[in-house]
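Accompanying notes for the structure given below.
The values are calculated or read from the model by the stated rules, or taken from the named source; none is laboratory data. On a predicted model such as this, the values are computed, not experimentally measured, just so you know. Glycine gets a Cβ as well: all are built from the backbone with ideal geometry, and neighbour counts include every protein chain shown.
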Amino acid sequence: MMAVNKQSNITPLNAKSANQLNLEERKMRYHQVVHLRRRVVLVAVMVIVTIFAMVNYHTQYVKYEAASQSLETAKSNLDKANKTNANLKQEVKDLGDNSYLEKLIREKYMYSKDGEVVFNLPGE
């Protein structure tokens with residue numbers, strides 16, 4: 001913007017031109033103040049929007065991290081359940097086999113086959 005030099009030793013010849021210059025100076029100063037005010041308001045709005053966006057982003061990030069942690073826990077629980085399920089299915093399948101049942105009963109309840117001698121060894 002163009003600055004007006006104000007010199008105190010020059011006096012205008014007529015009051016009308018002095019008032020005109022004074023009016024133009026006041027208009028220019030008014031426009032400068034208005035533009036400055038607009039810039040300040042714009043910067044303030046931008047700062048508020050930025051802060052709001054950052055807070056919102058942080059909140060969503062915390063929720064995302066919690067959901068990710070929950071998902072990882074659920075996946076590990078699912079893997080454990082799948083392993084347990086596979087073991088139990090194999091055990092059910094084995095329990096249908098007579099030779100496995102005989103072996104299990106001999107080990108658990110110390111039964112023996114006809115003509116078989118069982119020795120109890122120390123440490124077993």
Q.
Among the numbered criteria (1) part of a helix (DSSP H, G or I); (2) of a type in the set (D, E); (3) over 19 Å from the mean Cα position of the chain (by Cα), which one does E72 miss?
A. (3)
Q: Please tell me if Y100 is modelled with pLDDT under 95 and surrounded by 10 or more Cβ atoms within 10 Å (Cβ to Cβ).
A: yes
Q. Before we move on, is V47 at pLDDT 85 or above, of a type in the set (A, V, I, L, M) and out of contact with any strand residue (DSSP E or B) (no Cβ under 7 Å at 6 or more places or on another chain)?
A. yes
Q: Go through (1) within 53 Å of the chain's Cα centre (by Cα); (2) without any contact (Cβ under 8 Å) to a residue 12 or more places away in the chain and name the single condition G115 misses.
A: (1)
Q.
Residues to consider are G96, G115; find the one that is at positive phi and out of contact with any strand residue (DSSP E or B) (no Cβ under 7 Å at 6 or more places or on another chain).
A. G115
